[in-house]
Amino acid sequence: MRLLCRLLYVLLAALLSCAVFPAAAWGENVDSILQVLDKEILRCNEYKMKKEQRLDSLKRNLHSNNVPRHNYDMCSRLYEEYKKYQFDSTYVYATRMLDYAEMIGDREIVAHAKNNLIFCQISAGFYVEAWEIIKNFDTSGLSTPTLQEFYSRCVLFYQNMSVYGKGVGQLGEIYDAKRREAVCNEIELAQVNCDTITLRLTGINLMEISVDSMISFRRQTLERFRFADGDLAVQDFILAELYEKKGDIDRCIFYMALAAIRDIRSNTHETAAAKRLALFMLDCGDIDRAVSYIHLAQKDAEFYGARTRMMETGSALQMIESVRYNKVKEQRIIYFAILSIVFISLVFLVIFIVGLRRKNKALHSARLVIEKKVAELDQANGELSAVNSKLKEANEIKDSYVIQSLYSDTEFVNHVEEKCKSMSQKIKAKQYADLSGLIHDIGVKQERERMSSAFDSTFLKLFPNFIEEYNRLFPAEYRVNVAADGTLPTEVRIFALMRLGIKDAVIVANYLNLSLNTVYVYKAKVKSRSVVKKEEFDSLIMQIPKL
């Protein structure tokens with residue numbers, strides 16, 4: 001058996017030595033692949049949702065009937081889905097497969113179910129349970145594929161035990177020897193040139209073959225066979241390890257990142273690629289990515305439920321966090337030094353500013369006094385300007401009404417004087433009956449109407465927009481208009497006198513020949529119709545401008 005294995009090694013080495021793959025043709029870009037990985041980490045939940053939908057569909061199909069063969073096949077499919085996804089469910093369906101296989105009673109199916117259970121237990125680190133099945137496994141009468149599957153599980157078991165026992169006496173070497181023996185048993189069952197042996201050999205660490213030959217063989221294998229994302233992740237991880245042995249760290253990181261991407265996309269909660277990549281990032285000084293990738297590995301280990309993986313990732317996480325803590329500590333020291341320098345500079349700056357403020361204090365005080373005086377002067381000028389404006393308005397009103405009053409009074413006096421002369425002549429002539437007619441002809445009522453009309457005409461010349469502004473204070477139904485002859489309504493005339501500055505109700509009543517109570521009634525009636533508050537009405541009237 002050992003002779004056959006060595007012959008196969010030599011044959012494979014000869015085959016690989018003929019293959020030539022120029023490294024320049026592969027142009028791997030580390031930065032690009034790491035950016036892709038960072039984006040894929042953000043999409044983990046998206047891939048997980050699709051996976052869960054597929055699993056729910058299979059679970060519904062599982063319970064569609066109670067036929068053992070149907071249920072065995074469905075459990076087998078669910079096992080394959082969960083195998084690299086979650087240990088608890090994998091273990092459940094692996095044990096169910098064994099139960100259904102024993103119901104069916106076919107030794108091949110029972111052996112296949114046991115092989116799956118062994119793989120499940122090894123993946124979770126239950127080596128004692130896996131060993132119980134392995135040592136009691138009956139290989140007699142089984143088909144070659146089933147035996148090959150069993151020996152591949154043995155290879156995996158002894159390989160894990162070899163890693164686990166490394167450094168503890170000779171345990172590592174003992175388990176490594178058992179692993180090689182299992183490999184030879186597996187190879188002995190396969191034909192030398194078939195695809196099966198080629199694929200099996202890709203997982204064997206052949207010390208007799210050079211690293212370059214193994215890399216070439218891996219690439220040739222990737223071109224020759226079709227792999228799912230989960231299997232491609234394994235191939236990429238092995239390539240990364242080969243490049244690490246060769247010393248090509250950039251390509252090692254590239255293929256390790258590619259393996260992590262394929263793990264994410266295939267929902268394979270395998271921690272090896274992400275954990276190793278995190279350690280590479282730590283060595284490269286990229287602490288942020290190291291933390292991100294180790295947390296990805298830790299989350300995958302916790303989700304899968306593999307205790308050994310959680311221990312491994314936990315140890316790496318502790319180391320990375322320790323480095324990050326030290327880096328943060330160093331940054332804090334640097335920041336403290338910078339802040340100390342800044343603080344000292346600020347102290348000197350404050351001292352300088354205090355001295356400068358003391359020197360400028362007198363100037364500042366003088367400036368404040370000047371600003372205060374200027375402000376007072378501006379206020380006085382504003383008040384004076386307002387007074388001048390009011391005086392100008394009052395003078396214009398006064399001039400207009402003085403001229404109108406002189407004209408009216410002169411005309412009225414002349415008229416009264418003429419009537420008085422006529423009355424004197426009638427008295428001398430003792431024509432007493434005509435006196436009442438002369439008294440009536442004096443026209444006091446007409447004179448009052450003429451005075452009101454003259455007042456209205458003069459006021460509207462001084463305040464042409466008064467009626468428009470006045471109407472703004474009322475709703476549409478209470479707005480007023482100037483009569484056809486140009487006279488104002490009595491209530492408007494009251495507020496026109498107010499706008500001219502005559503606010504005494506007694507004077508207004510005497511001028512308009514009204515009782516004092518009537519004036520108050522008019523004002524109250526007008527304010528009750530307004531759209532503004534009564535207490536604001538007079539102020540708004542006084543604000544109507546003279547154009």
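Given the Cα-Cα distance of R107 and D231 and 0.36 nm per residue of separation, how much length would full extension add, in nm?
41.8 nm
Expressed in nm to one decimal, what extension gain is obtained for the pair E129 and D38 from 0.36 nm per residue of sequence separation less their Cα-Cα distance?
Going from the current span to full extension adds 29.0 nm.
Take the cross-link list K461/K534; K84/K275; K421/K445; K461/K546; K275/K327; K84/K299 and give me the ones stretching past 18 Å between alpha-carbons.
From the list (K461/K534; K84/K275; K421/K445; K461/K546; K275/K327; K84/K299), the Cα-Cα distance tops 18 Å for K461/K534; K421/K445; K275/K327.
Ordering Y79, Y100 from largest to smallest accessible area (1.4 angstrom probe), what's the sequence?
The ranking, largest first, comes out as Y100, Y79.
Largest first, how would T490, T221 line up by accessible area (1.4 Å probe)?
T490, T221
Quick one: Debye curve from the C-alpha atoms of the range 29-179, no solvent, what's log10 I(q)/I(0) at q = 0.13, 0.15, 0.21 Å⁻¹?
Taking Cα atoms of the range 29-179 as identical point scatterers yields -0.74, -0.89, -1.21.
If you count only protein heavy atoms and use a 1.4 Å probe, how large is the accessible surface of R180, to the nearest 10 Å²?
70
Taking the solvent-accessible surface of protein heavy atoms with a 1.4 Å probe, what is the per residue accessible area of the range 46-163 in Å²?
Value for the range 46-163: 48 Å² per residue.
Rg and Dmax of the range 96-169, using alpha carbons, in Å: what are they?
That works out to 13.1, 46 Å for Rg and Dmax.
Arrange the residues I261, I249 by how much accessible surface each exposes, largest first, with a 1.4 angstrom probe.
Solvent-accessible surface, decreasing: I249, I261.
To the nearest 10 Å², what's S315's accessible area with a 1.4 Å probe?
For S315, solvent-accessible area is about 70 Å².
Tally Lys and Arg at +1 and Asp and Glu at -1 over the other residues with C-beta under 10 Å from the C-beta of E244: what net charge comes out?
Net local charge, E244 excluded: +2.
Which of the lysines could a cross-linker span from K135 if the Cα-Cα distance has to be under 20 Å and same-chain partners fewer than 8 positions apart are dropped?
The qualifying lysines are K114, K178.
From Cα pairs below 8 angstrom and at least 6 apart in sequence, can you work out the relative contact order of the range 133-191, rounded to a whole percent?
36
Round to the nearest 0.05 the FRET efficiency obtained for E371 and F343 when R0 = 35 Å and r is the Cβ-Cβ distance.
Step by step, r from the Cβ atoms, then E = 0.45.
Express in nm, to one decimal, how much length is gained between K428 and K533 on full extension, taking 0.36 nm for each residue of separation and deducting their alpha carbon distance.
Additional length available on full extension: 31.5 nm.
How much accessible surface area, in Å² rounded to 10, belongs to the heavy atoms of L189 with a 1.4 Å probe?
60
Say each of R307 and K503 gets a label point 7 Å from the Cα, pointing the same way as Cα to Cβ; how far apart are those two points in nm?
9.8
The values are calculated or read from the model by the stated rules, or taken from the named source; none is laboratory data. Quick caveat, the model's predicted, so the values are computed rather than measured. Counting neighbours? That spans all protein chains shown, and the Cβs are built from the backbone with ideal geometry, glycine included. Note: accessible area is taken over every heavy atom of the protein model, side chains too, but ligands, DNA and RNA are not part of it. Shrake-Rupley method; radii C 1.70, N 1.55, O 1.52, S 1.80 Å.
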